[in-house]
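To start, the structure under review is shown below, and the notes come after it.
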Amino acid sequence: MARTPVSAILPDFPWDTIASAKALAQSHPDGIVDLSVGAPVDPVDGTIRDALASVSAVSGYPTTHGTRELRVAAVESLQRRYGITGLDEQAVLPVIGTKELIAWLPRLLGLGSDDLVVTPELAYPTYEVGALLAGARVVRADGLTQLGPDSPALIFVNSPSNPTGKVLPVDHLRKVVAYARERGAIVASDECYLGLTWEGEAPSILDDRVCDGDHTGLLAIHSLSKTSNLASYRAGFVTGDAALVAELLAVRKHAGMMVPFPVQAAMTAALIADDHEAEQRERYRARRTALLAALRDAGFAVDLSEAGLYLWTTRGEACRTTVDWFAERGILVAPGEFYGPSGAKHVRIALTATDERIAAAVDRLSVE
């Protein structure tokens, strides 16, 4: 019987489709300003690097559940930074970067062809990939009424949003939680940008105002890639419903999904200390301020973008046309259609470039 490659059920990798725009941007005399991907460019804090190195001689296997020190640091940091209470350190599970967890979460939870996974209308592509890997059905919906009579098994929430920077308020999240509990659905909230809120506040799905202190059926997914510059470390964790976390742990033990021990030590250091995170937030704030003004002066509208590492930008034309406009000026941005059909007239512009490259982008945007 002929084998069907797994890659055949997945969409094309989006960034492969902007190769020509990248080549054009690279041809700029002063080099490319790559604002297409949210990859950190700033150095990892020395305290975190020291923690990594301090246990580099340890040769044994790490535990899938992670060290108790890491789990306690995660619980305490969530309370200290975001006001999340009522978590047990046993209900914390480190993961090999949150993209890995999101991609495998539907399968790890036992979802299959009879199950429906809901993603935001504009969404990080990996939510859909995770559903496809599990063989589940997928629907994009921002409103619960869009789902009709269907009862989803898993609802992905992303606030602050990638790509738009939109923040879901307490009332909206409460409705999602109530809807999910009426139907026995799990809510997985991707909160990777929670620490990068520029306007107002961004509540967690585990905030008492959202869930009334009951974490049943709720998973909050947190990454250290953005706030601590640990993208290369592949450092994240999931927490929330203790029973669900225990189930994920049981399956991941069999699959060997272990965060390396030195990375666990680095994560612990990053979660204990807040100074480096605050410094990084201010770097991004300054870059955002400069780019936001330059884009508006160049005739672009910036929609939403209340939080996160991106500016969701449009001038009312097809997103690929806008991508080419930026590429002609040596700037690479991501077409909004990467994230869903309703992004067809927007581009996503990342704040993750050095101060020098951001300044170069500002200068290029000011040239007629």
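Summary table below
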| item | result |
| --- | --- |
| Selected residue (criterion: nearest to residue 166 (Cα to Cα)) from residues of segment 317-340 that are open to solvent by 50 Å² or more (accessible area, probe 1.4 Å) and touching a residue at least 12 places away in the same chain (Cβ under 8 Å) | 337 |
| Qualifying position, being within 14 Å of residue 220 (Cβ to Cβ) and in contact with an Asp or Glu (Cβ under 7 Å, 6 or more places away or on another chain), among 102, 155 | 102 |
| Of all residues in segment 296-316 being among the acidic types (Asp, Glu) and not in a strand (DSSP E or B), the one that is most open to solvent (accessible area, probe 1.4 Å) | 297 |
| Residue within segment 250-271 that is buried (at least 23 other Cβ atoms within 10 Å of the Cβ), assigned to a loop (DSSP other than H, G, I, E, B), at pLDDT 95 or above and of a type outside the set (S, T, N, Q) present | yes |
| Residue among 103, 123, 134 that is hydrophobic (A, V, I, L, M, F, W, C) and more than 17 Å from the chain's Cα centre (by Cα) | 134 |
| Meets criteria (within 14 Å of residue 189 (Cα to Cα), in contact with a strand residue (DSSP E or B) (Cβ under 9 Å, 6 or more places away or on another chain), hydrophobic (A, V, I, L, M, F, W, C) and at pLDDT 95 or above) for residue 105 | yes |
| Residue among 282, 356, 277 that alone is acidic (Asp, Glu), out of contact with any Cys (no Cβ under 9 Å at 6 or more places or on another chain), open to solvent by less than 20 Å² (accessible area, probe 1.4 Å) and outside any strand (DSSP E or B) | 277 |
| Contacts under 6 angstrom Cβ, first residue in segment 155-179 being under 12 Å from residue 204 (Cα atoms) and of a type in the set (Lys, Arg), partner open to solvent by less than 10 Å² (accessible area, probe 1.4 Å) and assigned to a strand (DSSP E or B), 6 or more apart | none |
| Of all residues in segment 138-152 being within 20 Å of residue 111 (Cα to Cα), touching a residue at least 24 places away in the same chain (Cβ under 8 Å) and open to solvent by less than 70 Å² (accessible area, probe 1.4 Å), the one that is nearest to the chain's Cα centre (by Cα) | 152 |
| Every residue from segment 63-110 that is under 24 Å from residue 155 (Cα atoms), out of contact with any helix residue (DSSP H, G or I) (no Cβ under 7 Å at 6 or more places or on another chain) and part of a helix (DSSP H, G or I) | 78, 82, 98, 100, 101 |
| Selection count where residues are farther than 16 Å from residue 273 by Cβ and open to solvent by less than 80 Å² (accessible area, probe 1.4 Å), scope segment 64-81 | 5 |
| Boolean, residue 292 is assigned to a helix (DSSP H, G or I), of a type in the set (A, V, I, L, M) and touching a residue at least 40 places away in the same chain (Cβ under 8 Å) | no |
| Residue 113, sole failed condition from (1) under 20 Å from the mean Cα position of the chain (by Cα); (2) open to solvent by 50 Å² or more (accessible area, probe 1.4 Å); (3) not basic (Lys, Arg) | (1) |
| Strands (runs of 3 or more DSSP E) lying entirely in segment 131-244 (those with 2 or more residues that are over 22 Å from residue 93 (Cα atoms), out of contact with any helix residue (DSSP H, G or I) (no Cβ under 6 Å at 6 or more places or on another chain) and not aromatic (Phe, Trp, Tyr)) | 137-140 |
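The values are calculated or read from the model by the stated rules, or taken from the named source; none is laboratory data. Just so it is clear, the model here is predicted, and its values are computed rather than measured. Note: ideal-geometry Cβ built from the backbone for every residue, glycine included; neighbour counts use all protein chains shown. These area figures cover heavy atoms from the full protein model, side chains too; ligands, DNA and RNA do not enter into them. Shrake-Rupley method; radii C 1.70, N 1.55, O 1.52, S 1.80 Å.
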